[in-house]
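The values are calculated or read from the model by the stated rules, or taken from the named source; none is laboratory data. On a predicted model such as this, the values are computed, not experimentally measured, just so you know. Here Cβ is always computed from backbone atoms with ideal geometry, including for glycine, and neighbour counts include all displayed protein chains. Surface areas here come from the heavy atoms of the whole protein model, side chains and all, with no ligands, DNA or RNA. Shrake-Rupley method; radii C 1.70, N 1.55, O 1.52, S 1.80 Å.
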Amino acid sequence: MNYKINTHVGNFIYHWFFFVLGTLKDIDLSSKINVCFDIEDYISYQEETINILSDLINVVPNNYTDEWTFITHHREQGDPELCYFLRDIFLSRIKNDFNTSGYERIYIRRSKSHLCKGNADENFIRRRQIINEDQIVEKLSEIGIKSVYFEDYTVSEKIQIFQNASLVVAPQSGGLLFTLFGHQNMDIVEICPTNTHQPCNHYVDICNVLNIPFRRFDDVIKNDYHDNMIVDTEKLVNFILDK
């Protein structure tokens, strides 16, 4: 069977997983299928996820001549069945080939996020970044939290990091999509202002489904319309440690 999947919402990693790859849940995957994503220039994480699922899907171009069955997203955000479906199809295919030693407690930096290819349509605008992030990084290192740019890791490595982490701290960002592969003995701390211009409960919804502890630190100073913020380092550290 040949399927064409609606990808107009797939530029951001949460949308790609839930609104694009999530459509696979409604398809019979008992045998390998042909899929057209209607994309000419893939983002690296899109290519990586397709490679991970290569035993399930064969990606074909738009000029493929056979008949198509068109599929589009129709499930609700935070759909438990979809969370478990995505978690299972990836975890069953991920090899434990990345050394996660030293990644038990991490802070996911966001100061390069605007440079990602998926943000090209948004003119690479900085969003939800911590203006004094270098101070945060220095302070968190004092309590044993390693700071990382998730842009530097593959999808498989990110999944393995979340599988083994005990604490993940991050500004509200696509990196928290990988809570989908976390566990009930970890702690997630999301940093964002209370009055965000675009409210987002994507990651708390995932954690609620999977029973992963989730806390939101919102005692920050919002700096502009795009939710860039200044964070008091002492307040953040005290919040993290106050479990």
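Rounded to the nearest 0.05, what FRET efficiency do ASN96 and ASN195 have when you use their Cβ-Cβ distance and R0 = 41 Å?
Taking R0 as 41 Å, the efficiency between ASN96 and ASN195 is 0.50.
Is the C-alpha gyration tensor of region 119-243 telling us rounded, prolate or oblate? Criteria: a/c under 1.5 is rounded; beyond that, a/b larger than b/c is prolate, otherwise oblate.
rounded
What's the carbon and sulfur percent of the chain's accessible surface, probe 1.4 angstrom, rounded to a whole number?
Details: 5250 of 11720 Å².
Heavy-atom surface of the chain belonging to carbon and sulfur, 1.4 Å probe: 45 percent.
Mind listing the long-range amide H neighbours of TYR3? Cut-off is under 5 Å, sequence gap 5 or more, other chains count too, H placed in the peptide plane at 1.01 Å from N.
The answer is ASN34, VAL35, CYS36, THR69.
Fully extended, how many nm does the chain gain between ASP152 and ILE230 (0.36 nm per residue separation, minus their Cα-Cα distance)? Mind dumping the intermediate values first?
Values: separation 78, 0.36 × 78 = 28.08 nm, distance 2.44 nm.
Using 0.36 nm per residue and subtracting the Cα-Cα distance, I get 25.6 nm.
If I stretch the segment between SER166 and ILE131 completely, what's the gain in nm (0.36 nm per residue apart, minus their alpha carbon distance), one decimal?
Working: separation 35, 0.36 × 35 = 12.60 nm, distance 2.59 nm.
Gain on extension, SER166 to ILE131, equals 10.0 nm.
Going by a ≥ b ≥ c, the root eigenvalues of the Cα gyration tensor, does region 42-95 fall in the rounded group (a/c under 1.5), the prolate group (a/b larger than b/c) or the oblate group?
On the way: a/c = 2.09, a/b = 1.27, b/c = 1.64.
It comes out oblate by the Cα gyration axes.
Quick one: ranking LYS158, LYS32, LYS222 by accessible area, 1.4 Å probe, largest first, what do you get? Can you show the working numbers first?
Numbers: LYS158 25, LYS32 115, LYS222 60 Å².
The ranking, largest first, comes out as LYS32, LYS222, LYS158.
Where does each of ARG216, ARG128 land when they are ordered by accessible area, with a 1.4 Å probe and the largest first? Before the final figure, lay out the partial values.
Working: ARG216 80, ARG128 45 Å².
Order by accessible area, largest first: ARG216, ARG128.
Among DSSP beta bridges lying fully in the chain, give the percent that are antiparallel, nearest 5. Each step should come with its number before you reach the end.
On the way: 2 of 28 bridges.
Of all bridge pairs located within the chain, approximately 5 percent are antiparallel.
Please work out how much length the chain gains when fully extended from HIS8 to LYS32, using 0.36 nm per residue of separation minus the C-alpha to C-alpha distance, in nm with one decimal. Walk me through the numbers on the way to the answer.
Numbers: separation 24, 0.36 × 24 = 8.64 nm, distance 2.39 nm.
Length difference between fully extended and current span is 6.3 nm.
Over the Cα atoms of the chain, Rg to Rh with Kirkwood Rh, two decimal places? The partial results should precede the final answer.
Numbers: Rg = 18.5 Å, Rh = 18.9 Å.
Expressed as Rg/Rh, it is 0.98.
Mind checking the per residue accessible area of the chain for me, 1.4 Å probe, whole number of Å²?
Details: 11720 Å² over 243 residues.
Here the per-residue accessible area is 48 Å².
Pop a pseudo-label 7 angstrom from the Cα along the beta-carbon direction at both GLU40 and ASN238 and give the gap in nm to one decimal.
Between GLU40 and ASN238, the label points sit 5.5 nm apart.
Between ASN2, SER173, GLN163, whose Cα lies farthest towards the positive end of the dipole of the chain when Lys and Arg beta carbons carry +1 and Asp and Glu beta carbons carry -1, centred on the Cα centre?
Value: GLN163.
Give me the distance in nm between label points sitting 7 Å out from Cα along the Cα-to-Cβ direction at LYS112 and THR69, one decimal.
4.1 nm
Can you give the calculated 222 nm mean residue ellipticity of the chain, where each DSSP H run of n ≥ 4 adds -39,500 (n - 2.57) and the sum is split over every residue, rounded to the nearest 500 deg cm²/dmol?
-7000 deg cm²/dmol
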